[in-house]
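Everything on this sheet refers to the single structure shown next.
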Amino acid sequence: KNVANSYRLQEECDVLSLVLAKYRGEIKLSEFKAVMLSSLRSLVPKDWDTNHEVAWNWLWENVERMLKNLMGKPQVQEKALERLIMSLTEDSVNYLRREVYKRFFALAPAGQDYFKQSTTRLYFIADKIVDMTIEMYRDPRKMVEDISALGLRHVGYAIPTEFFAPFVSGAVEVVRTMTTDDAAEDAFRWSLTLISKILVRTILEGSTIVMKAINTNQERALEKAVSVAPRGQRARELLNITVGTQSISPFYWSIESGSMNCARAMLKDLLTIRADRDNYYYGCDDLFHRHPEVIHRLCADAADL
């Protein structure tokens, strides 16, 4: 699906290199290629031809090249970043917390409109970012899941993806002033850049027209957004957005974010009976299948609905 997207392919290879770094044995990429091609040939023996052979060879050669460039680096980077984090004093941690936002706001002044939380909350976010950079090396599979879930929440917050690059740049600049260890700085930059890539991709893939309409809290905008969906898919558009293995419910998000006008319009749309020549469509079953506890949730958080 993403083979033609070199940016996404590089992201997947970056994550794969972190996973492979946890393997203690010898990794022979060339032998995997032979096993992969032989398995593919046996799966579709009737359809397999030279075009498939060329395509899969091309794909693996690109993946292998990217992986070889990264082999051995994650282990070294993890140790360097761990040394840096362990050496931070309370004063240096406070300096990092302050300077990250100071430099980010200098690079992207409009970003101040999205960081209106208390200082305590902002410091917590800064600490969490530093923790994520080292956890990305320690447990890449779990971190990809957590970052994808975080990205889907950012869809609901309507955070512009243009702010991620200056935030990363600002954070790397701060770390550069705190250490003379180039390896530690490079490890921090590489990890934070990968986290940013995953977040941006998740937000872009999850930013459906329904989610954008919820952010306006206007019934008309929601009705217009869902009107383009086929009758049989309207309920899915309102109840589920999936990116990777993570999912979010636009209907529940509208309740959580206080967009009650949109929540009302969504509930009305789900409980409207529609039909074409062959079928009737009624979103009630889909609603209770996705959210079995929906009545309790409405009573607790949206009694007016």
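Okay, here's what the table says:
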quantity: Pair list, Cβ under 8 Å, 6 or more apart: segment 1-25 residue within 19 Å of K142 (Cβ to Cβ), other residue open to solvent by 80 Å² or more (accessible area, probe 1.4 Å) and not β-branched (V, I, T); calculated: S17/K73; V19/R141
quantity: Residue list for segment 147-165, restricted to those being at pLDDT 90 or above and not in a helix (DSSP H, G or I); calculated: none
quantity: So V19, is it part of a loop (DSSP other than H, G, I, E, B) and of a type in the set (V, I, T); calculated: no
quantity: Any pair with Cβ under 6 angstrom, 6 or more apart, that starts in segment 67-78 at a residue that is under 9 Å from S17 (Cα atoms) and ends at one that is aliphatic (A, V, I, L, M) and assigned to a helix (DSSP H, G or I); calculated: P74/L18
quantity: Residues of segment 171-192 satisfying the condition of being of a type in the set (G, A, S) and surrounded by fewer than 21 Cβ atoms within 10 Å (Cβ to Cβ); calculated: A183
quantity: Among (1) touching a residue at least 40 places away in the same chain (Cβ under 8 Å); (2) open to solvent by 10 Å² or more (accessible area, probe 1.4 Å); (3) assigned to a helix (DSSP H, G or I); (4) farther than 30 Å from R274 by Cα - the single one V168 does not satisfy; calculated: (1)
quantity: Among (1) at pLDDT 90 or above; (2) open to solvent by 60 Å² or more (accessible area, probe 1.4 Å), the one test that N279 misses; calculated: (1)
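Listed here are the residues, each with its yes/no results for (1) of a type outside the set (A, V, I, L, M); (2) open to solvent by 40 Å² or more (accessible area, probe 1.4 Å); (3) at positive phi; (4) in contact (Cβ under 8 Å) with a residue 60 or more places away in the chain.
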residue	(1), (2), (3), (4)
L194	no, no, no, yes
V200	no, no, no, no
E205	yes, yes, no, no
Q218	yes, yes, no, no
A225	no, no, no, no
V228	no, yes, no, no
R234	yes, no, no, no
I241	no, no, no, yes
T245	yes, yes, no, yes
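The values are calculated or read from the model by the stated rules, or taken from the named source; none is laboratory data. If you're wondering where the values come from, they're calculated on a predicted model, not measured in any experiment. Because the Cβ atoms are built from the backbone with ideal geometry, glycine has one as well, and the counts that use them run over all protein chains shown. Note: areas computed on protein heavy atoms with side chains; ligands, DNA, RNA excluded. Shrake-Rupley method; radii C 1.70, N 1.55, O 1.52, S 1.80 Å.
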